[in-house]
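Structure first, then comments.
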Amino acid sequence: MKAGWRVVPLGEVIELISGEHIDAKDYNTSGRGIGYLTGPSDFGVESPIISKWTESPKRFAEPGDILLTVKGSGVGKINRLRQERVAISRQIMAVRPKGVDPAFLFLLMASLSDHFAAQATGAAIPGISREHVTDLNVRLPPLDEQKRIVAVLDEAFEGLSRARANAEANREDARQIYASALEATFSNNSEAILTQLGNLIDISHGFAFDGSDFEPSNDQSKPIVLTPGNYSEDGALVFSDRNTKRLKVDTPKQYLFQRGDLTVVMTDLSSKMKILGKPAFISEDNLLHNQRIGRVLPKRHDCPMGYLYHFLNSDEARRRIMETATGTMVRHTAPKRILDLQVPMPRDSKEVQEATDRLDHCQIEAVQLTKRYSARIAQIDTLRQSLLRKAFSGELT
């Protein structure tokens with residue numbers, strides 16, 4: 001370790017303020033009261049985005065505090081509060097500098113983001129304790145070295161931030177390829193005939209699995225319980241170590257999906273509803289149908305499932321599903337609300353197939369480009385974390 005550096009518990013140089021839950025009835029989205037941060041969904045790239053307010057605040061973060069998410073799927077996210085005082089929920093802790101350069105502490109906390117995420121425990125709601133933060137030993141340089149490290153990293157991160165912003169803009173442009181094709185097909189097609197979705201399909205609920213009967217697992221002999229967490233905003237299924245949950249008890253065979261089944265998300269754990277109503281096709285075996293997912297059942301043999309998949313991905317369908325959603329923090333839709341949608345149908349089956357093929361092509365192109373720019377963003381983020389690790393291990397020159 002470099003001369004002048006010392007190892008200290010993080011709790012020695014911070015004050016840690018735990019947030020407290022506020023009931024949904026006591027906060028609003030119309031700007032009344034003080035800003036209220038509920039969790040990682042309120043975090044931006046570096047500073048939080050306030051979208052909820054409360055007139056019954058309990059615990060506060062002050063300007064200059066570092067915000068750390070400590071519960072839920074986004075444990076370890078870091079933001080810095082630059083604006084006014086806000087109330088914080090129990091999913092967030094405010095980290096207040098105590099005898100350490102505030103900018104240095106923010107960068108130090110950012111370097112520990114992955115560490116905190118890895119420490120999270122709990123199957124239903126993963127989280128970390130105060131002790132995970134305060135008892136963590138960190139390397140602390142003298143104050144002048146802290147300021148030097150901040151200056152070096154700020155200069156390096158300025159270029160990385162520009163590169164990341166460019167990649168994000170390119171990724172959004174790529175997504176618009178598919179979005180524009182969907183709009184042309186389902187919003188600007190005056191020649192199509194509006195048909196109630198319920199005339200073409202039914203939607204069935206799945207089995208009400210007990211949460212204690214499934215858990216994150218890589219044991220491929222056990223079936224995966226499909227959950228909303230497996231759905232992407234791009235209309236696909238995604239499986240990772242964290243979101244792949246397998247059944248530990250006997251499998252109810254009648255609830256196994258078949259390859260090619262069309263499904264739709266019925267419950268969204270986020271109030272922003274990014275995946276509520278999102279569709280996806282089943283493309284592998286051994287997936288179980290639970291009650292939070294709808295299974296699309298065609299009413300006739302020539303039902304254009306590919307065309308309906310694209311319709312459910314469209315902004316028009318999503319807007320109508322979100323408008324009729326119920327719930328506050330957890331949002332729900334129901335088969336009847338989806339079946340009441342009016343889908344613009346071309347006049348003959350050939351036009352339907354042509355539209356489906358065109359949308360398939362646009363989606364593939366958009367996904368490929370989006371993945372390319374997402375990989376670029378991931379590379380930039382990895383480089384940023386690498387610089388942070390070097391800085392706080394004393395290797396930054």
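Of all the numbered requirements in (1) in contact (Cβ under 8 Å) with a residue 60 or more places away in the chain; (2) assigned to a helix (DSSP H, G or I); (3) in contact with a helix residue (DSSP H, G or I) (Cβ under 7 Å, 6 or more places away or on another chain), Val150 misses one, and that requirement is (1).
The set of residues in region 227-257 that are closer than 24 Å to Leu276 by Cβ, in contact with a Phe, Trp or Tyr (Cβ under 8 Å, 6 or more places away or on another chain) and of a type in the set (Lys, Arg) contains only Lys245.
Just name the residue that is modelled with the lowest pLDDT out of those in region 256-271 that are in a loop (DSSP other than H, G, I, E, B) and not basic (Lys, Arg). Residue satisfying both the conditions and the ranking: Ser271.
For region 218-252, the candidate set comprises residues that are touching a helix residue (DSSP H, G or I) at 6+ places or on another chain (Cβ under 9 Å) and of a type in the set (Val, Ile, Thr); within that set, the residue that is farthest from Val367 (Cα to Cα) is Val249.
Taking the stated definitions as given, is Ala391 modelled with pLDDT under 90 and crowded, with 19+ Cβ neighbours inside 10 Å? Yes, satisfied.
In region 1-43, the residue that is farthest from the chain's Cα centre (by Cα) out of those that are within 17 Å of Met109 (Cα to Cα) and in a helix (DSSP H, G or I) is Glu12. Somewhere in region 126-136, is a residue out of contact with any Pro (no Cβ under 6 Å at 6 or more places or on another chain), over 21 Å from Arg6 (Cα atoms) and buried (at least 19 other Cβ atoms within 10 Å of the Cβ)? Among the residues of region 126-136, at least one is out of contact with any Pro (no Cβ under 6 Å at 6 or more places or on another chain), over 21 Å from Arg6 (Cα atoms) and buried (at least 19 other Cβ atoms within 10 Å of the Cβ), which makes the answer yes. Selection within region 88-110: residues that are in contact with a Phe, Trp or Tyr (Cβ under 8 Å, 6 or more places away or on another chain) and closer than 12 Å to Asp42 by Cα. The member of this set that is surrounded by the most Cβ atoms within 10 Å (Cβ to Cβ) is Ile88. What helices (runs of 4 or more DSSP H) lie completely within region 272-364 and have 3 or more residues being assigned by TED's automatic domain parsing to the domain that holds Ser41 and basic (Lys, Arg)? Filter on region 272-364 gives an empty set. Say whether the condition of being in a helix (DSSP H, G or I) and surrounded by fewer than 12 Cβ atoms within 10 Å (Cβ to Cβ) is met by at least one residue in region 182-190. No, region 182-190 contains no residue that is in a helix (DSSP H, G or I) and surrounded by fewer than 12 Cβ atoms within 10 Å (Cβ to Cβ). In region 7-25, the count of residues that are crowded, with 16+ Cβ neighbours inside 10 Å and basic (Lys, Arg) is zero. Scanning region 260-306 for residues that are β-branched (Val, Ile, Thr) and farther than 25 Å from Ser349 by Cβ returns Val265, Thr267, Ile275, Ile293.
The values are calculated or read from the model by the stated rules, or taken from the named source; none is laboratory data. Just so it is clear, the structure is predicted and the values come from calculations on it, not from any experiment. FYI the Cβ positions are ideal-geometry reconstructions off the backbone, even for glycines, and counts take in every protein chain you see.
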